[in-house]
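The values are calculated or read from the model by the stated rules, or taken from the named source; none is laboratory data. Bear in mind the structure is a predicted one, so any value in this text is a computation, not a measurement. Note that we place each Cβ from the backbone using ideal geometry, even for glycine, and neighbour counts take in every protein chain shown. Remember, those area values only see protein heavy atoms, side chains included, never the ligands or the DNA or RNA. Shrake-Rupley method; radii C 1.70, N 1.55, O 1.52, S 1.80 Å.
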Amino acid sequence: MSASAVQSAAANVCDAVVVGAGFAGLYQVHRLQQAGYRVRAFEKGSDVGGTWYWNRYPGARCDIESICYSYSFDEALQREWRWPQRYAEQPDILRYLQHVAERFDLRQHFAFNTAIESAHYDETSQRWLVRTSTGETISTQFFIMATGCLSKPLEPKFKGLESFTGEQYQTSRWPHAGVDFTGKRVGIIGTGSSSIQSTPIIAKQAAQLMVFQRTPQFAIPAWNRELTDEEMRTAQESYAELRRLMRQSEVGIDYESPTIGAKEADAESLQKQLEYAWNRGGYLMLAAYPDLLTDLESNKIVSDWVKEKIRARIKDPEVARKLMPEYPLGAKRLCVDTNYFETFNRDNVTLVDLRESGIDGFTAQGIRLENGTEYALDAVIFATGFDAMTGALLSVDIRGKGGLTLREKWQNGTRNYLGVSVAGFPNFFTITGPGSPSVLYNMTASIEQNVDFVSNTIDHLRDHHYASIEAQPREELAWTKYVDWISKQTIYTKVKSWYNGENVNGKPAGFMPYAGGGLTYFEFVRQAVDEGYRGFTLAS
Ligand code: NAP
């Protein structure tokens with residue numbers, strides 16, 4: 001064998017393959033390489049960033065306050081980084097992740113512009129054989145999907161789309177150079193977070209904007225603003241305490257909430273508390289009362305109050321009626337907005353209510369509704385969402401013991417243990433898998449805790465000379481049933497949403513994230529570890 005062949009063969013044998021270069025993948029690679037493992041990492045995009053690499057649409061920003069939306073693992077990193085705004089915008093979050101990649105020299109471990117096509121477990125060698133889109137095959141002991149929850153966009157499927165002669169964009173695959181809509185007639189399909197963030201900005205640029213709405217959404221003002229030097233300095237100096245408080249909460253952010261439910265509050269205190277929550281803004285509205293996500297009666301009190309606030313933002317009562325959500329506040333992912341509802345007061349913005357007549361399809365000139373109405377467009381934007389939580393995992397041909405594919409295993413719904421491990425798939429980990437709190441928790445904080453779990457587990461195997469770990473089928477079933485049961489104690493299951501897979505045709509319905517709270521979840525994980533990895537089989 002030549003020297004270069006030996007070298008390339010060595011590169012193709014490693015301890016861990018990590019997929020994804022977002023918050024999860026970067027930290028996972030950092031932890032493993034710090035501990036001395038040979039790591040290969042792969043990313044479809046041309047650089048680091050994950051969600052924040054792809055979602056570059058105008059107005060994209062996080063819905064968790066910046067000072068909580070960052071890594072806590074390195075004191076110097078959190079002390080040196082300055083967030084300019086209360087809610088960081090996409091370019092700032094991307095800059096932050098680029099800074100992390102540089103600071104910890106992480107890019108050297110990644111192959112960019114490279115997708116993972118398959119990962120097959122070989123029972124004889126107890127290793128995964130991972131194949132990439134560039135034709136490489138890698139043999140690895142551990143296979144870690146750090147691919148995020150909202151990374152597989154739904155491809156737009158509309159009759160006649162191929163005949164449309166205008167420009168087409170997708171919020172989740174926005175051109176890096178940006179788009180100039182000046183003077184154009186633009187249509188945006190969808191009214192989830194991506195549309196709610198981009199609509200006000202595009203409306204200011206376009207000649208006309210048509211918003212095609214199938215389901216009206218709740219959005220709470222972000223009250224975004226610049227962070228002062230003083231605020232940032234205070235945060236930097238007290239990060240240790242802030243992180244402690246974040247980890248004590250069920251959602252991974254620091255907030256206060258009253259101890260009584262909304263339905264127990266008297267009229268005066270209710271009004272005061274709701275105004276307070278509204279003025280805190282954004283996601284914190286859901287912290288107005290502790291029972292909003294579990295008690296429909298309490299939720300209705302607050303939903304009705306919020307609807308009045310929304311109504312007051314819209315001048316035309318008929319437009320306001322069409323924009324009014326009809327489901328419990330928070331049951332679909334709550335949107336955080338800046339001037340979304342006010343945008344419909346502009347003369348150049350039209351709300352098209354698809355409940356009156358749905359989209360029939362595209363013509364060469366634009367969109368035609370089922371009732372024959374046509375909207376001429378120079379450009380269309382698809383803000384139509386993602387195959388959430390499982391999309392990215394199932395887009396890789398993952399096969400465990402006996403050649404069973406993950407897709408076959410999950411054909412009737414997701415099954416795993418603690419959201420991280422799947423029975424029959426040894427040494428395979430998901431960082432933000434279904435069955436973990438992920439999107440119902442501060443993502444950055446849930447990622448860090450699960451990366452720590454995975455990294456500590458790999459260390460444990462190494463230190464105790466085990467070759468593999470996998471979930472036990474009985475514990476997996478128990479966890480899966482528990483995740484389902486706990487979701488039914490909440491209002492999340494009262495409406496169709498991407499949380500329960502009902503936005504994707506043919507996807508098995510079932511609430512995917514763990515809804516019992518992050519604090520509770522991480523306690524389950526800790527206990528399982530403390531009891532010698534209860535529920536897992538460790539094999540030599
Ligand atoms: P989304 O919430 O799933 O919204 C998709 C929208 O497209 C919905 O209004 C949906 O209507 C509509 N839609 C889908 N197919 C359609 C069709 N064939 N015809 C008409 N309308 C159609 O997707 P998203 O806005 O990209 O947000 C997804 C998640 O990403 C968010 O919930 C959030 O967790 C995350 N996100 C976060 C931020 C942030 O603030 N950091 C920003 C953007 C996204 P229906 O509701 O009727 O299905």
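At q = 0.09, 0.11, 0.15, 0.23 Å⁻¹ the log10 of I(q)/I(0) for the stretch 117-221 amounts to -0.43, -0.58, -0.80, -1.39, computed by Debye summation with a single uniform scatterer per C-alpha, solvent ignored.
Here the spin labels are modelled as points 7 Å beyond Cα on the Cα-Cβ line, and at K401 and Q34 they lie 3.3 nm apart. Among the listed pairs K315/K507; K272/K481; K152/K494; K272/K507, those with a Cα-Cα distance over 31 Å are K315/K507; K272/K481; K272/K507.
Which GluC sites (Glu not before Pro) from the stretch 335-373 combine a DSSP loop assignment with at most 14 other Cβ atoms within 10 Å?
Numbers: sites: E342, E356, E370; in loops: E356, E370.
Those that pass, being in a loop and sparsely packed, are E356, E370.
In the calculated pair-distance distribution of the stretch 438-506, the portion above 15 angstrom amounts to 72 percent of the Cα-Cα pairs. According to the calculation over all Cα-Cα pairs in the stretch 250-397, the P(r) per 10 Å bin from zero is 9, 29, 29, 21, 10, 1 %.
Counting heavy atoms of the protein chains alone, M512 has an accessible area of about 10 Å² for a 1.4 Å probe. Cα centroid separation, the stretch 523-540 to the stretch 321-375: 48 Å.
If you take all C-alpha pairs in the stretch 175-230, what percent of them are over 19 Å apart? Mind showing how you got there, number by number?
Details: 642 of 1540 pairs.
The calculated P(r) of the stretch 175-230 puts 42 percent of pairs beyond 19 Å.
One-quarter of the Cα convex hull surface for the stretch 74-125, in nm²? Working shown, then result.
Details: hull surface 26.3 nm².
If I average the Cα hull's projected area over directions, I get 6.6 nm².
So, R0 is 22 Å and r is the distance between the beta-carbons of F158 and S357; what FRET efficiency does that work out to, to 0.05? Don't jump to the answer; show the numbers that get you there.
Numbers: r = 15 Å, r/R0 = 0.67.
Efficiency, from the Cβ-Cβ distance: 0.90.
Both radii were evaluated on the Cα set of the stretch 200-284; the Rg over Rh quotient, with Rh as the Kirkwood radius, amounts to 1.09.
Dividing the convex hull volume of the Cα atoms of the stretch 27-123 by its residue count, what figure in Å³ per residue is obtained? Walk me through the numbers on the way to the answer.
Numbers: hull volume 12.8 nm³, N = 97.
Each residue corresponds to 132 Å³ of Cα convex hull volume.
Convex hull volume of the Cα atoms of the chain, normalised per residue: 162 Å³. Taking 14 Å as the straight-line reach from the Cα of K300, the aspartates and glutamates in range (excluding those fewer than 8 positions away in the same chain) are E264, D291, E308, E326. The Cα atoms of the stretch 492-540 cover 42, 28, 10 Å along the three principal axes, with the biggest extent listed first.
Annotation note: trypsin sites (Lys or Arg not before Pro) in the stretch 155-189 located in DSSP loop regions with a Cβ neighbour count of at most 12 within 10 Å are K157, K159.
Max-minus-min Cα coordinates of the stretch 305-351 on each principal axis give 32, 19, 16 Å, with the largest extent listed first.
In what sequence, largest accessible area first, do K494, K152, K322 appear using a 1.4 Å probe? Display every interim value, and only then the final one.
Details: K494 115, K152 70, K322 35 Å².
Most to least solvent-accessible, the answer reads K494, K152, K322.
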